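Scroll down for the structure; my scribbles are underneath it.
The values are calculated or read from the model by the stated rules, or taken from the named source; none is laboratory data. Since we're looking at a predicted model, the values are computed, not measured. Cβ coordinates were reconstructed from backbone atoms using ideal geometry, including for glycine residues, and neighbour counts include every protein chain displayed.
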Amino acid sequence: MAVAQPRREAAPPRRRHNLPDRAWGASLGVLGVAVLVVALLILSELWRVAKPLLATTGISRFVSTSQWDVVRETYGALPFIYGTLVTSAIALVLALPISVGLALFLTEMSPPRFRAVVSFPISLLAGIPSVVFGLWGLFVLVPILRHDVEPFLARTLGFLPLFQGPRIGLGYLAAGAILAIMILPTITSIAIEVLRTVPLSLREAALALGATRWETIRIAVLPYARAGILGATILGLGRALGETMAVTMVIGNSPTIRASLFAPGYSLPAVLANEFAEASSGNHTAALAALGLLLFVVTLLLNVAARVLVRIGTRGPRRVAA
């Protein structure tokens, strides 16, 4: 009796890779690797220039001291770190509520026609050069702060150290307000994209249970998009930390540490822009390179963290759907 032989399954057909596709994929891979190579070259060059100073002074002492004297060749980065952090914090405090509120309004409440009208100025703000913001801040914002905003804050909140001292317009508050306007489009646009990924079923479930529109946003939309909004905030913070020209024009450029937001200060990008062209000694150049290295590393870490959080926020709907 003949035994039936098992049928062999046909081998899957081989995919035919066309030469232009391979060339296109290889070129994209080379470009992607080139970006990383350029970043590593920048990092290595900054480290090479800054290494002599950091080896003699020490990283901890360079970061923790506040004396910046080019004549005596004493360099401490603390005033610039303080100014960068203070102006960035002011920018986040001013821009974050407006950005998230605007994103919620455009995605949850506004009619489509109004949404299209409002989205255009947001995109326009993102494309304005930094020096234009600086000129506007110098000629428009600084006089308003000097004559109206700072006197009002001094009268109402003058018992706090943050709102004491001479009111000259130039200072931390002016730089933070300019940065808030500059990072507002970044946070708003990313927050809008994150909020659009929230499943409609979550909103409908909350409304079906009797929640109002605001309660639906609070208990269903915002918790779901929290990671993405946090990532958008960190991206905005990264831009605020690295902004140069606008901050240089309105911060006052004084290497001191003061508690008052009315006082002039300095930031890491501003000191690089002002002093790098005039750096004559090797230690001065090394100190500025160390500031650039510090700013580069902090911005890189913030951008990586923001990308991870945004990806977590946008992958949430896929996990729920699965």
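Listing for the model above:
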item: Given (1) modelled with pLDDT under 85; (2) more than 30 Å from SER201 (Cα to Cα), index of the condition SER119 fails; result: (2)
item: Qualifying positions in segment 242-254 - surrounded by 19 or more Cβ atoms within 10 Å (Cβ to Cβ), in a helix (DSSP H, G or I) and modelled with pLDDT of 85 or more; result: ALA246, VAL247, THR248, MET249, VAL250
item: Number of positions in segment 6-38 that are at pLDDT below 80 and either under 32 Å from the mean Cα position of the chain (by Cα) or of a type in the set (Phe, Trp, Tyr) (or both); result: 0
item: Pairs, first touching a residue at least 24 places away in the same chain (Cβ under 8 Å) and loosely packed, with under 15 Cβ neighbours inside 10 Å in segment 65-86, second of a type outside the set (A, V, I, L, M) and assigned to a loop (DSSP other than H, G, I, E, B), C-beta under 9 Å, six or more apart; result: SER66/GLY76; SER66/PRO255; SER66/THR256; GLU73/SER281
item: Some residue of segment 231-239 being in a loop (DSSP other than H, G, I, E, B) and either modelled with pLDDT of 85 or more or of a type in the set (Val, Ile, Thr) (or both); result: no
item: Hey, LEU94 surrounded by fewer than 17 Cβ atoms within 10 Å (Cβ to Cβ), touching a residue at least 60 places away in the same chain (Cβ under 8 Å), assigned to a helix (DSSP H, G or I) and not aromatic (Phe, Trp, Tyr) or not; result: no
item: Verdict on ARG258 being modelled with pLDDT of 85 or more, among the charged types (D, E, K, R) and over 22 Å from the mean Cα position of the chain (by Cα); result: yes
item: The listed residue being at pLDDT 85 or above and not in a helix (DSSP H, G or I), out of ILE168, ILE187, ILE192, ILE219; result: ILE168
